[in-house]
Amino acid sequence: MKVQLFRIKFFSILILILLCGTGYSQESVKPEKMYEIEGHKTVVEIFASVPDVNVYINGTYQGKTNLELFDLTPGFYQLRLEKRGYADVEEVIYVKNRYGQRFWFNINK
């Protein structure tokens, strides 16, 4: 019983480590610019090739580009950019603690 419980815990932890990694995953978009900050936990800048693109983080509307978001909890986020007449952009971003990060997205028709 103890051995079986140990195996379940071990493999669960191993799977979490493999899925989460220690920073960027190959499936997350890397920032165009990254810089150390003071005074905020995080700064995320979202820029796009066209103005006034709607920005959603984990499905919640945040505003229009060009946009700065302050003090997000570090971790992975689902980012969606939408503008009528243009193709939606959906990406995963990784927000790093104590860093400002600028993300640039090309919006196509």
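The values are calculated or read from the model by the stated rules, or taken from the named source; none is laboratory data. This structure is a prediction, so every number in the text was calculated from the model and none was measured. All Cβ positions, even for glycine, are placed from backbone atoms using ideal geometry, and neighbour counts span all protein chains on display. Note: areas computed on protein heavy atoms with side chains; ligands, DNA, RNA excluded. Shrake-Rupley method; radii C 1.70, N 1.55, O 1.52, S 1.80 Å.
Scanning the range 8-25 turns up at least one residue that is modelled with pLDDT under 95, touching a strand residue (DSSP E or B) at 6+ places or on another chain (Cβ under 9 Å) and surrounded by 15 or more Cβ atoms within 10 Å (Cβ to Cβ).
Residues that are modelled with pLDDT of 95 or more and hydrophobic (A, V, I, L, M, F, W, C) do occur in the range 57-68.
Kindly provide the set of residues from the range 86-98 that are open to solvent by 60 Å² or more (accessible area, probe 1.4 Å) and closer than 26 Å to residue 41 by Cα, ordered by number. Of everything in the range 86-98, those that are open to solvent by 60 Å² or more (accessible area, probe 1.4 Å) and closer than 26 Å to residue 41 by Cα turn out to be 90, 91, 96, 97, 98. Residue by residue through the range 74-85, note down the ones that are out of contact with any Cys (no Cβ under 9 Å at 6 or more places or on another chain) and either open to solvent by 80 Å² or more (accessible area, probe 1.4 Å) or within 13 Å of residue 27 (Cα to Cα) (or both). Once the filter is applied, which keeps residues that are out of contact with any Cys (no Cβ under 9 Å at 6 or more places or on another chain) and either open to solvent by 80 Å² or more (accessible area, probe 1.4 Å) or within 13 Å of residue 27 (Cα to Cα) (or both), the range 74-85 yields 77, 78, 79, 84. Considering 68, 45, the condition of being open to solvent by 30 Å² or more (accessible area, probe 1.4 Å) and of a type outside the set (Val, Ile, Thr) is satisfied by 68 alone. Against the list (1) more than 12 Å from the chain's Cα centre (by Cα); (2) modelled with pLDDT of 95 or more; (3) of a type outside the set (A, V, I, L, M, F, W, C); (4) under 26 Å from residue 108 (Cα atoms), the condition residue 45 fails is (1). Looking only at the range 81-103, residues that are farther than 22 Å from residue 36 by Cα and over 10 Å from the mean Cα position of the chain (by Cα) come to 10 in all. For the range 26-39, give me each residue that is open to solvent by less than 70 Å² (accessible area, probe 1.4 Å), at pLDDT 90 or above and either of a type in the set (Ser, Thr, Tyr) or over 13 Å from residue 102 (Cα atoms) (or both). Correct list: 35 only.
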